[in-house]
Amino acid sequence: MIHLVTGGARAGKSRFVLTQAEATSAPSIAFVATAERGDDEMAERILRHQAERSARWHTVEEPLDLERLLPTLAHGAIVVDCLTLWVSNLMFHPRAGSDPEARIDALASALGRVAVPTWLVTNEVGLGIVPGDPISRRYRDLLGRCNQRVAAVADHVTFVVSGLPMTLK
């Protein structure tokens, strides 16, 4: 079961996903974090989120290679938080390579080989105005395509706004 959860920033997506995963009978849950500890505020945020999760949760930090990692995880459930940062990493990380579109296609394909319930969190960034610069437009477009590709292979898609989940698929 692949479940994509999308919505705006601070809309309640992660809380919704953590509640869903926690409700499973999985003895262990992998929390795949795509964020890196780039500064003190982010390091503090990561530690705070880790402290909120029970002992069933195992954090795996992976900023780039989701398509390789996800089918290999030996946990009863997986949460990926988030595709928004992953796409940013594909664009700007020094080890990312040069073809983010191919990586997105590889992720969509790899999700078909994941045998446990998996939730992927992403942001819906295309609801606002068109960005004023080429890099921001490229990011918005690439994340939009990523969200569409993952939604196409997902069994469930939920849009969360103001903490309220709305089923799309």
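Observations
- The residues on offer are 122, 118, and the sole one that is hydroxyl-bearing (Ser, Thr, Tyr), touching a His at 6+ places or on another chain (Cβ under 9 Å) and surrounded by 20 or more Cβ atoms within 10 Å (Cβ to Cβ) is 118.
- On the stretch given as region 114-152, residues that are out of contact with any Ser or Thr (no Cβ under 8 Å at 6 or more places or on another chain), farther than 19 Å from residue 21 by Cα and either hydrophobic (A, V, I, L, M, F, W, C) or in contact (Cβ under 8 Å) with a residue 12 or more places away in the chain (or both) total 12.
- Just one of the listed residues (108, 51) is part of a helix (DSSP H, G or I) and closer than 22 Å to residue 7 by Cβ, and it is 108.
- Within region 54-83, the set of residues being within 14 Å of the chain's Cα centre (by Cα) and surrounded by fewer than 22 Cβ atoms within 10 Å (Cβ to Cβ) comprises 59, 60, 61, 62, 63, 64, 65, 67, 69.
- Condition broken by residue 96, with the remaining ones in (1) surrounded by 14 or more Cβ atoms within 10 Å (Cβ to Cβ); (2) part of a helix (DSSP H, G or I) satisfied: (2)
- Residue 34 vs. criteria among the β-branched types (Val, Ile, Thr) and either in contact with an Asp or Glu (Cβ under 6 Å, 6 or more places away or on another chain) or buried (at least 16 other Cβ atoms within 10 Å of the Cβ) (or both): yes
- When region 92-110 is filtered for residues that are within 21 Å of residue 148 (Cβ to Cβ) and either in contact with a Leu (Cβ under 7 Å, 6 or more places away or on another chain) or not aliphatic (A, V, I, L, M) (or both), the ones remaining, listed by number, are 96, 99, 100, 101, 103, 105, 107, 109, 110.
- Residues satisfying the stated conditions in region 4-13, i.e. surrounded by fewer than 20 Cβ atoms within 10 Å (Cβ to Cβ) and touching a residue at least 24 places away in the same chain (Cβ under 8 Å): 8, 9, 12
None of the figures in this text is laboratory data; all of them are computed from the coordinates on show. These numbers come from a predicted model, not from an experiment. Here the Cβ is made from the backbone with ideal geometry for all residues, glycine too, and neighbour counts use every protein chain on show.
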